[in-house]
Each structure stands twice: as structure tokens, then as C-alpha cells.
Amino acid sequence: MRGTECPLPRSENEYNRQILQAIASGQRVTQRSLSSDIGVALGLTNLLIRRLVAKGYVKIAGMGTRHIRYLMTAAGWEALGHATRQSLENTVHLYTQTREQIRTSLSGVSERCETDAAGQKRVVFYGAGDVAEIAYVSLQSTDLTLVGVVDDRRTGRFFEVEICRPEQLSAETLGGVPYGHVVVTSIRHAESIRARLDARAVPRSRVWCLESREAIGDCDGSNDPGRGLDRVR
């Protein structure tokens, strides 16, 4: 998150990778620009850079002038390669873990969702971002049927489903299509979505929120990974 000092659950190795990647780009970087890019305080950025210099990964040119340049060393390039591979491995692990958590949450929705006259458990996703994409993949291993997607900003299609505007959502249908439950597939905007669903007169008993710190990692840390699925009260 640019320009935000947010206590994200990232390791020092990940911060180092981002700094090394920025320096390796060849563009002029400053501690202030790096601070904004990686989303930490300027003082912490200074500390991270000094540690990279001490390890021999980065050297400083123009010391004592107003135009300091940070340069990669051979050891720095090697460290960046290693850190990039580690980051990719962590991303794959996180995706797999998140997908399983969301699949478990959707199974909980299925247990409480009644079957309609056509024999379907019809749900609507509210949110068409990254969480929704993982939820869509996870949904394939459940008996739930996705009949619509709502998003406040995005338009177009979400896989084979047309994205609808919030105004098309009523207490029982989305764009005229009946549904059983709304699954809030956004962590960061869950609270504001709940408020909009209230405004649309959608019964809270039919609204479910996927909440997992592993899935998105909100800055406020309010998502308890142990909750998995939180029925709106």
C-alpha cells in the first residue's frame, strides 16, 4: 500500500526483496520513495537500507552530497534472485492455504443454505476482486451455485457471470434472478458492504462474510483467522 504505514505481516526478507528490486530497476530511488513504495516508516526504511549495505548487497555512491545513489553489488543480485524465488514459493503456499480456508467457509455456507425448488443452493458474491476469484475456484468443490456477482466499481464479467451494480440487488433477487444467500467476498470492504446490503433491505440472516487474515491481510488486523465464516449479526 503506497504511502501507508501499515503493520503488514511481512518478513524483513520480503522488505529487502522489494528494496533490492527497486534499486535493480535502474531508476533513481530515494529513502522517501522506497518508504512510500513498501509502506513503512522512513526511519525503518533507513534501517533496512543500512543493513543491506552492511551485508554487502548495496553500495552507496555520492555519499555526502544531495544526490546519493544506491547501486547493486554482485552479492546483491544473488540475494535478489534468492529472495524472489522464496517470495514465489510463499505466494503459492499462501494461495493454497487461503483457498482451503475459503473452501471450508463455503462448506459452512452450504450446510446452512436451503435447496430451492430446482434443487440448487443459489448464492451471490458481493465483491469481484482477488478474494472472489479464490472463492470461485473453491466453490467448484461445493454444491453451491453462483448465480450472480455484485461489485461497486467493477463492470463486465466475472468468469461466466455478468457483474451487476448494487442497485440491481433486492432482498430476494439480483437482476431478476432469485438467490438464497449473499456471500461477501471482500475482506477489506466487508463493513461498508454490510451497510449497503442493509440499505438494500437484504436480510442479515441471508448474508455471510468470508473472513480470513490469510486471504487478504487487512491493515487493522481485525480479521480473526479462526473465525473462517462469520454470519452477520
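Where nothing but the Cβ of Lys and Arg (+1) and of Asp and Glu (-1) is charged, how large is the charge dipole of the stretch 12-72 around its Cα centre, in debye to the nearest 20? In debye, rounded to 20, the stretch 12-72 gives about 260. Placing unit charges on the Cβ atoms only, positive for Lys and Arg and negative for Asp and Glu, gives the stretch 87-204 a dipole magnitude near 220 debye about its Cα centre.
Every number here is computed from the coordinates shown, using simple stated rules; none is lab data. All figures in this text were calculated on a predicted structure; none of them were measured in a lab. Every residue, glycine among them, receives a Cβ derived from its backbone with ideal geometry; neighbour counts consider all protein chains shown.
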